[in-house]
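All remarks here apply to the structure that follows.
The values are calculated or read from the model by the stated rules, or taken from the named source; none is laboratory data. Nothing here was measured: the structure is a model prediction, and the numbers come from that model. Backbone-built Cβ (ideal geometry, glycine too); neighbour counts: all protein chains shown. Side chains are part of the model used for accessible areas, which takes the heavy atoms of the whole protein and leaves out ligands, DNA and RNA. Shrake-Rupley method; radii C 1.70, N 1.55, O 1.52, S 1.80 Å.
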Amino acid sequence: MLIGFSLQKKIFTVYLPAMLKRYFLSNLMIMVFLNLLVKPVWIFLIDRNVQLLVGHADYGLYSALMSMSIIFSILLDFGITNYNNRHIAGDSTRIEFSLPNMMVAKLAFSLIYFGVLFLVAYFIHYEAKALHVLFLLGCVQFLNSFLQFLRSNVSANHDFVMDSLLSVIDKVVMILSCGLMLTLSRWRSLFTIEWYLYAQIGAYLFAVLIALGIIIRRYSRIHFRYVSIRGTSNFIVESAPYALLILLMGIYMRSDSLLLERLVGAQSGSVYAEAYRILDALNMIGFLLAGILLPMFTRMISRLGDPSSLVRSSTNIVFSMSLAVLAHSWFYASDIMNLLDHQADKDLPQIYQLVIASFPAYCIMYIYSTLLTANGNIRLLIRMALLGSLLSIGLNLWLIPSFQARGAAVSALIVQYTMAAISLYYCIRYFHLGIDAMRMLKFIGLFLVLAFCNAALHRYGIPLLYSMMLNVPVYLSYVYAIRLWDWRDISAYIKQFKSTESR
């Protein structure tokens, strides 16, 4: 009996964390690789050209309304996606009953969402064109929310490769459709922001149909005979705390664009969106990372495993990458912004420096707040998000009238590092992670080395593309030299993945 208990303890405290650690590393690499293929094309060739083509006024309005549509998008989901990820990860057999009930609930929530969206737009006096753009953005958010929900069923079943493919399929379709419209002169001359939204709606609809097909083929058919008012209402009640959490997170992450447009105009909002574009794309990788980590953390915690090894590995990889991005972007801000817009606003590089400086904080949040979510600390996360919302609104109302886009960037910087520090504190407290001074010195040393290299490259006039290429070997050499990355873990996982694929 003692031998059996010892073996069981070893499985859940040693073998399971090691297996999930390797699982995380390989799927993270696949996810990052796919996004590095797609996201730069989307940023530099599509979204950038749309902004330049339609002008700052239309794009600034679009950016503000998009933020508004995202803030209230929780009404489309009501926390169902996060709840479903944890719910199915704990027991994959629940999908047959929960899937149809949650689908019906999401369709009902969409009616509430559109009602609230237009009610708020009416009270802040948006005109007819803005309402039309808002309706299209609402459709985009509805389809995006539905896709995220369907993907939560895929990731909860630990089918991370398919989840990674679903994470980029909508962007691929958008690139193809928008690229055609922006290339052909006859269509380019007629292109409007509404066309951009029609392309997004079509792309998301295509991705939703693909995701439905995968779920039906791999996991469960959708039997609507299982739908019941009681079952649906139970899911709504149980997911309500997640809904409040996501609403508050939407406020402190997205209220800046909306307040910019309302307080100082669409022009300033468009400039801020231009500076924010790269951070937005980088954060998509963090969002995908959280989607992978949530079911892993949930399964480890539910089986009494120790998540510290997985937390350490993910932090070493993702946080070090964020420091590398910051070190390069700080010195090459003008080159990056001029690449996006040859007639960029003179304040744009400084705004971009402030915006990208918050990227390491986002990475910390994506790891440690996900760990708190998996542990069920929803009340704590709600209190944190409430603090973040109040802090964000207060700082933006104070800084935007005087400093415009720069004020919004400073506000975001303060809020994100505050939230990251609080998340880190509570994870250390609840999971006894400990503070490794040597590891902190490694991160500081990494940033200083890369900052020095980029300062020298910029001083001697090395072009942007070459500087990026030179950063890669310096970064990889350093993280392996100080053992922030361990090639044995990564190579072992690649071999495991290849052997699984060959079978």
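A few comments on the model shown:
- In region 161-191, the residues that are outside any helix (DSSP H, G or I) and among the hydroxyl-bearing types (S, T, Y): S189
- Which numbered condition F403 misses (of (1) open to solvent by 50 Å² or more (accessible area, probe 1.4 Å); (2) under 30 Å from L260 (Cα atoms); (3) hydrophobic (A, V, I, L, M, F, W, C); (4) touching a residue at least 24 places away in the same chain (Cβ under 8 Å)): (4)
- Within region 374-488, helices (runs of 4 or more DSSP H) holding 3 or more residues that are within 22 Å of the chain's Cα centre (by Cα): 378-431
- Within region 456-481, considering residues that are of a type in the set (A, V, I, L, M, F, W, C) and open to solvent by less than 50 Å² (accessible area, probe 1.4 Å), the one farthest from I336 (Cα to Cα): V479
- Region 109-138 - residue that is small (G, A, S) and in contact (Cβ under 8 Å) with a residue 12 or more places away in the chain and, of those, farthest from D77 (Cα to Cα): A130
- Any hit, region 329-343, residues being open to solvent by 20 Å² or more (accessible area, probe 1.4 Å), among the charged types (D, E, K, R) and assigned to a helix (DSSP H, G or I): yes
- Failed item in (1) within 25 Å of A130 (Cα to Cα); (2) not in a helix (DSSP H, G or I), with S270 passing the rest: (2)
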